[in-house]
Amino acid sequence: MNKYLFSSFSKILLLFLFWRIVLVLVMLVAVNFIPLGYKDRFLGGGPRNYSISPEIFSWANFDGEHYLSIAIVGYRGLEQAFFPVYPMLISFFAKPFSIDSLSTIISSTIVGLLISNIAMLFSLYFLWKLLRIDFSSKAVWLTIILLLVFPTSFYLGSLYNESLYLLLSLISFYFARTGKWFWAGIFGAISSATRIFGILLLPVFLIEAYQQRAKFSKFFWVFLIPLGLGLYMLYQYILVGDPLAFYRLQKIVGEQHQSGLTLLPQVYFRYLKMLTTVDITNPIYQTIVLEFFVGILFFILPLIGYFKKVRVAYLLYALLGFLSPTIQGSFSSVPRYILAFFPSFLVMALFLDKFPRLLKILIISASFILLTFETILFIRGYWIA
């Protein structure tokens, strides 16, 4: 690593450590002063383990429970929506420390958090490395900051597969952008076995190959990308007899999701109705507001990016990534999903770059305050995304 790369990585490490330390301090405030949303469900490690050590298990609330369960005992009913790479890694690295049931759940939780946070650190590095190919240092650093202070960025350090997928997809993007198509296909295949969004890399990289005027003999490796998803679908067919179980179960485990295809205007109308009918004192109201805000912002950002001369492949990835979960009629979890779609944060940075310095500081500070608020709610078992 040359001196310039080392200096940049050192800055990224400092930003990451500041972000992580702040979230830990927020967690300590939450577990000591904020009442639980629910005392008998949604808590990482189960209510009993959570009550013993909320400092560890609070980062595994909601979906984190499922990743732990898959890592420890394998897939059970209604868990096919959670893709296998992340829990497989947890299981592999936690196994040497798993002596009994208690040590297994503790070691699995700690290993899962280590994987997420290490993946987050290197995601920031590859984000910087990728974007510096085309954009100024100033725009790239602002992109990284905006990602870190985004109100749901705590998921990237929690027991979720968000940061692992972000890292794998960024590495894949970096290899595609630099014309190393074999490695782009390999990491793309792993990405599609980590999150369903990984399959979007195939059409996106075909556009990138066209823009680079790459020969088919070079970029045909991108057709490896569906392999990861295909293997998981085969596993689901063998396990439960349905290769699309990961999709069909969404409307069972998430009551906000609907069958069939829902158009985006219908989703907006649904949220406008909820904003005017749901009790504003209900904790879920703030989640509705967040989902609606994200639903507008992350639809607009890729469109703005076109006028900011962002690469078409990047913008398509961000737009398809935003739109794909909305077809089931909801923005539920979208504030978490969009963390993987780095081009939207890049566009946000390019847009804010022209703002006065004071206004940028105010916007970043407001987002940071929202991040602390959302983290507190998540830690104490309130649904965020």
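Each value in this text was obtained by applying a stated rule to the coordinates, not by laboratory testing. Fair warning: this is a prediction, and the values are worked out from it, not measured in the lab. Virtual Cβ from ideal backbone geometry, glycine too; neighbours counted across all protein chains shown.
Before moving on, here are some points about what is shown:
- Taking the chain as a Gaussian network of alpha-carbon nodes connected by springs under 10 Å, the highest mean-square fluctuation of the residues Ser169, Ser332, Ser344 belongs to Ser332.
- Unsatisfied cross-links (Cα-Cα over 24 Å) in the set Lys273/Lys360; Lys11/Lys180; Lys309/Lys360; Lys3/Lys218: Lys273/Lys360; Lys11/Lys180; Lys3/Lys218
- Candidates Gln250, Gln211, Gln80: whichever shows maximal mean-square fluctuation once the chain is modelled as a Gaussian network with Cα springs under 10 Å: Gln211
- Here the alpha carbons of the range 339-384 define both size measures, Rg and Dmax, at 13.4, 39 Å.
- Legend: ranking of residues Arg357, Arg311, Arg336 from fewest to most surrounding C-beta atoms inside 10 Å; resulting order Arg357, Arg311, Arg336.
- For the range 159-175, the Karplus equation 6.51 cos²θ - 1.76 cosθ + 1.60, evaluated at θ = phi - 60°, returns couplings of 7, 10, 8, 4, 6, 5, 5, 4, 4, 4, 5, 5, 4, 4, 4, 4, 5 Hz by residue, with Gly and Pro reported as x.
- Comparing Leu147, Leu102, Leu323 in a Gaussian network model of the chain (Cα springs below 10 Å), the most mobile by mean-square fluctuation is Leu102.
- D_trans [Stokes-Einstein, Kirkwood Rh over alpha-carbon pairs] for the range 142-230, 25 °C, 0.890 mPa s, µm² s⁻¹: 182
- Per-residue Cβ neighbour rank within 10 angstrom, fewest leading, Leu224, Leu124: Leu224, Leu124
- Which label in (1) 25.2, 97; (2) 20.0, 65; (3) 20.3, 60 gives the computed Rg and Dmax of the Cα atoms in Å: (3)
- For q = 0.11, 0.14, 0.18, 0.19 Å⁻¹, Debye-computed log10 I/I(0) when each Cα of the range 1-108 counts as one equal scatterer: -0.48, -0.72, -0.98, -1.02
- When each of Lys360, Lys354 is scored by the number of other beta-carbon atoms lying within 10 Å, the sequence from fewest to most is Lys354, Lys360.
- Loop-located trypsin sites (Lys or Arg not before Pro) in the range 37-104 whose Cβ has at most 15 other Cβ within 10 Å (DSSP): Lys39, Arg41, Arg76
- Among the trypsin sites (Lys or Arg not before Pro) within the range 185-224, those in coil by DSSP and having at most 14 neighbouring Cβ atoms inside 10 Å are Arg213, Lys215.
- Sites matching GluC sites (Glu not before Pro) across the range 192-291 that sit in DSSP coil, with at most 15 neighbouring C-beta atoms within 10 Å: Glu255
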